[in-house]
Structures are given as C-alpha cells and as structure tokens.
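Shown next, in structure tokens, is the structure this report addresses.
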Amino acid sequence: MSTLPAPLSELAWRELISQHTEGLPAALAAGPVSAYVGFDPTASSLHVGNLVPIMGLVHLQRAGHRPIGLVGGATGMIGDPSGRSSERNLQDADTIHANAEAIRGQLARFLDFDGPRGAKLVNNLDWLGGIGLIEFLRDTGKHFSINYMMAKDSVKSRLETGISYTEFTYMLMQAHDYLELYKREGVTLQMGGSDQWGNITAGLELIRRTVGADANALTFPLITNADGTKFGKSTGGGSVWLDADRTSPYAFYQFWMGADDRDVSRYLRFYTLLSLEEITALDTEVRTSPEKRVAQRSLAADVTARVHGAEAARVAQEVSALLFEKADPNALSGAALDALAREIPFADYVPPAEGAPADGVDVFEALVQLGIAASRGAAKRLLEQGGISVNGVKLSAADKTVSRDRLLRGAFLLLRKGQREFGLLRVV
C-alpha cells in the first residue's frame with residue numbers, strides 16, 4: 001500500500017477501490033491529473049449513495065489533483081441502465097438545469113472550486129446538445145460494435161427485462177463525454193461506481209481509437225450494509241438526501257447514528273477524513289463499549305457537519321440527546337427547539353373555550369391538541385397513571401395546569417408520554 005501514489009494509497013486503506021486500470025499508479029505519480037465523476041441530475045439533490053464518488057474526488061483534490069464533476073444534462077434525459085431493472089422517467093431540460101445548479105451547491109461543501117487545482121462543474125448538454133444524429137453516429141458510433149456493447153454488464157443485465165434503444169446508446173454518450181473532457185479539460189481519469197466499469201472503459205476505447213492516447217479508469221465498490229441490504233435507505237425505505245428540505249439535518253444525523261456496529265468502521269473509512277489512527281481507536285470503542293455508540297456519534301457528527309454545516313450538526317446532536325438520552329429539556333437552544341418542532345408532533349396551544357386557567361396551560365387540552373391523548377378523559381387517565389412528563393418533570397394527577405414560568409425559552413412545553421412519545425407545544 002505504501003508504494004502507491006496518492007490518492008491511491010489513501011483510497012486503498014479506506015477500501016474504496018474496486019478496480020483500476022494498470023497504468024493509473026504511474027499516471028498519478030507522474031504529476032497532477034484531471035479526473036471526473038458523473039452525477040445524474042434527475043433529482044434536485046444528491047443522496048448518500050453519491051457520497052463515495054464525492055469522497056473519491058475529495059481525496060483526489062487533497063492529493064494535488066484536479067476534480068471535475070460532470071452533470072449529465074443530456075444523458076439525464078435518457079437514463080443510465082446500469083444497476084436498474086427498468087427505464088428511468090425522462091426529464092425536461094429546464095428541470096435538469098435547475099437540478100444541476102442545486103448539485104453544484106452541494107458539491108461545493110466538499111470540494112474547493114478556487115485556484116489552479118480548483119474543482120469544476122460541467123454539463124454534458126453543452127456539447128451533446130448541439131450534435132446531430134448523423135455526426136454522432138459517424139464520429140462516435142462507428143467505433144463500437146453491437147457485440148462489444150452487448151458484452152457489457154450494464155446491457156446484459158437488462159436483456160431479459162428489455163432495454164430501449166434510448167438507454168442502449170447511453171454507453172456511447174458517456175464514452176463521448178470522456179473524449180470531450182479529454183480534449184477540453186485534459187481529463188485522463190474517470191471514476192465511478194463499480195457498475196460503471198463497462199461505460200468507463202468504453203470511453204478509454206474511444207479515446208484510444210480517435211486520438212491515440214491512453215487514459216485511465218477507477219471504480220469504487222458498491223456499498224451494502226452488513227445485513228446485505230442496499231446502503232442509503234432510511235428506516236422508512238426512502239432515500240437519504242443531502243438537501244435539508246428533503247432529509248432534515250436531524251434525520252440525516254440519525255441515519256448515521258443508526259449504523260450497525262458491523263458497518264460503522266467501514267463507514268468511518270468511506271465517509272470521513274478521520275485518520276487510520278483515529279478510526280482504529282473508534283474500532284476499539286465498538287469492541288469494548290458498543291452500548292456507548294462512540295463510533296456512531298463520531299460518524300454522524302462528522303458527515304452531518306460536512307453536508308449541513310457545524311451548527312446544524314450541533315443542533316441535531318442536541319435533539320438526538322433529548323429524544324434518546326434523556327437530556328435536560330431546559331438546556332435546549334432556540335435552534336434545537338425549532339428543529340424539534342419539525343421532528344415530533346407540534347401544535348400552537350389554543351386555550352379551551354371554557355374553564356381555561358388564568359395563567360397557565362391546561363394539561364388535558366395540551367395532550368389532546370398534540371394527539372397524545374384522544375380526549376380530555378383519556379388525558380386525565382394518563383395523568384392519574386403517572387405517564388406524563390412536562391419539560392422532563394413527571395406530573396401527578398393533581399397537576400392539571402402548567403404555569404407559564406415553566407415554559408422553555410418563554411414559549412414552549414415539551415410533553416412526553418412514557419419513554420418515547422413526545423410532543424412540543426408553543427404557547428402564544
């Protein structure tokens with residue numbers, strides 16, 4: 001491992017290399033290279049499944065090389081058949097342009113876009129959009145036989161279920177991208193997931209045949225959880241997005257906190273910049289004190305801070321500590337209360353029409369408005385059973401009113417039923 005040039009040596013100990021071309025170590029050792037990764041702009045946000053190639057670009061730039069992100073404005077209108085059993089829904093140009101702009105902002109949280117080795121974002125619609133069919137077939141299509149294309153895994157895997165001619169041409173378009181970036185930006189390395197090997201090597205072939213030059217490829221492993229399930233899905237089965245409006249920073253933090261003890265060491269290698277020594281120390285914590293979840297905390301804090309910023313990560317930690325570790329509600333910051341209101345049942349308190357306390361909050365009404373109790377009678381029974389706490393203090397059957405001087409930050413009450421059912425009330 002020590003004989004490999006950076007960033008290969010870094011990627012190797014982090015177990016982030018699936019395959020690479022034979023000439024890549026020498027090319028990286030010879031001097032700075034420009035390398036690109038393609039991103040699908042069919043959604044307005046990247047997701048955690050994109051983090052491995054993003055981190056590949058991060059390690060590349062840290063080693064003194066130049067990263068380029070390619071947004072598939074043209075190919076996104078067609079769809080890559082790799083790793084799919086059915087055809088993607090096609091997107092219009094305006095949607096893809098808006099998605100591309102959002103993706104650039106997300107990449108800027110990881111990559112430095114300034115300076116001579118600064119990252120660059122390009123859109124393949126800029127060159128593919130102006131090519132006519134005859135020109136494309138003459139300059140690109142003639143270099144590939146049908147037999148060559150059908151031998152690629154991305155095509156073979158779809159032959160039984162069916163693949164459209166539109167998707168069949170995706171490989172040629174991606175190969176054309178590599179050639180175009182070789183000419184425009186001096187790109188000599190394409191990186192991507194291991195399912196992209198066939199598409200990437202088609203680009204190597206096109207460069208060799210058209211300009212007689214050598215280029216390289218590197219792929220990353222496709223990540224699965226220890227139980228064999230696909231990495232990147234929330235507990236509800238949906239994607240975990242990098243956009244805070246799609247996946248809140250708290251939910252994002254909790255996704256990483258939920259990492260299995262069998263997975264957390266790998267994820268620290270894949271998704272953080274922690275050193276081997278730091279990760280080894282956290283591995284020890286997993287073996288000796290797994291209940292403390294020290295490694296998961298480190299993973300969640302690091303990735304959340306990188307994606308959403310240090311303040312969002314701090315707030316997510318506050319909310320997590322309250323909901324799962326019985327932290328003192330009175331210590332919650334205003335930002336944490338705002339975040340909490342988006343994660344648990346929330347309501348603005350409306351005093352009952354009759355019998356409202358002169359200076360305080362009717363507990364029965366509060367429980368009903370938050371949906372913790374179905375009725376005032378049910379709320380009364382919960383109180384009599386000792387199952388309700390307000391701001392961390394258990395209520396008795398006699399505590400039918402909470403005075404305003406107990407409000408958190410002068411405006412909130414946190415109600416809890418049992419150990420895990422919470423509601424937040426804002427008193428206005």
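Computed from the coordinates by the stated procedures, all read-outs in this text should not be read as laboratory data. Remember, it's a predicted structure, so these values are computed and weren't measured experimentally. For neighbour counting, all protein chains shown are included, and Cβ atoms are generated from backbone atoms with ideal geometry for every residue, glycine included.
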task: For an R0 of 35 angstrom, estimate the FRET efficiency from the Cβ-Cβ distance between residue 276 and residue 134 and round to the nearest 0.05.
output: 0.05
- prompt: Under unit Cβ charges (Lys, Arg +1; Asp, Glu -1), what dipole magnitude, rounded to 20 debye, does the stretch 151-244 have relative to its Cα centre?
  reply: 120 debye
- line: Links exceeding 25 Å between C-alpha atoms in this model, out of 230/326; 233/326; 326/417; 233/417; 120/156, come to 230/326; 233/326; 233/417; 120/156
task: Considering only 311, 180, 325, give the residue with the highest GNM mean-square fluctuation for the chain, with springs between Cα atoms whenever their separation is below 10 Å.
output: 325
- request: Please build a GNM for the chain, connecting alpha carbons under 10 Å apart, and tell me which residue among 42, 95, 272 fluctuates the most.
  value: 95
message: Starting from the 7 Å offset along Cα-to-Cβ, what nm value, one decimal, do you get for the label separation of residue 310 and residue 328?
response: 2.5 nm
query: Which whole-angstrom value gives the distance between the alpha carbon centres of the stretch 301-355 and the stretch 26-75?
result: 35 Å
query: In nm, to one decimal, how far is the modelled label at residue 338 from the one at residue 94, with both set 7 Å along Cα→Cβ?
result: 3.2 nm
query: Per the helix-only calculation at 222 nm, which mean residue ellipticity applies to the chain, given -39500 (n - 2.57) for every DSSP H run of n ≥ 4 and division by its residues, nearest 500 deg cm²/dmol?
result: -12500 deg cm²/dmol
- line: For the chain, the Kirkwood Rh over every pair of distinct alpha carbons, in Å, works out to 24.6 Å
- prompt: Where does helix 197-211 land angle-wise versus the long Cα axis of the chain, in degrees 0 to 90, nearest 10?
  reply: 40 degrees
message: How big is the dipole moment of the stretch 224-324 about its Cα centre under a simple scheme where the beta carbon of each Lys and Arg is +1, that of each Asp and Glu is -1, and everything else is neutral? Debye, nearest 20, please.
response: 180 debye
- prompt: Of all DSSP beta bridges located in the chain, what percent are antiparallel, nearest 5?
  reply: 45 percent
field: Nearest-ten-degree value, helix 93-107 long axis tilted from longest Cα axis of the chain
entry: 70 degrees
statement: The whole-number value in µm²/s of the Stokes-Einstein translational diffusion coefficient for the stretch 242-311, with Rh from the Kirkwood sum over alpha carbon pairs at 37 °C and 0.692 mPa s, is 269 µm²/s
message: For the chain, set up a GNM with springs between Cα atoms under 10 Å and report which of 158, 117, 406 has the largest fluctuation.
response: 406
task: Hey, for a label at residue 405 modelled as a point 7 Å past Cα toward Cβ, could you say which residues of the stretch 350-380 have their backbone N under 15 Å away?
output: 359-361
task: Go through 198, 322, 51 and say which Cα lies farthest out towards the positive end of the charge dipole of the chain; charges sit on Cβ, +1 for Lys and Arg, -1 for Asp and Glu.
output: 322
Only Lys, Arg (+1) and Asp, Glu (-1) charged, at Cβ; the chain dipole about Cα centre in debye: 440 debye
- prompt: Could you state the number of Å between the C-alpha centres of the stretch 372-402 and the stretch 95-131?
  reply: 54 Å
statement: Longest principal axis of the chain (C-alpha) makes with the long axis of helix 310-325 (C-alpha) an angle, in degrees to the nearest 10, of 50 degrees
query: What number, in nm² with one decimal, is the all-direction average of the projected area of the convex hull of the alpha-carbon atoms of the stretch 162-311?
result: 12.6 nm²
message: So if I take the alpha carbon set of the stretch 183-231, get Rg, then get Rh from the Kirkwood formula, what is the Rg over Rh ratio?
response: 1.17
- request: May I ask for the equivalent-ellipsoid semi-axes of the stretch 342-428, computed as the square root of five times each C-alpha gyration tensor eigenvalue and listed largest first in whole Å?
  value: 16, 15, 13
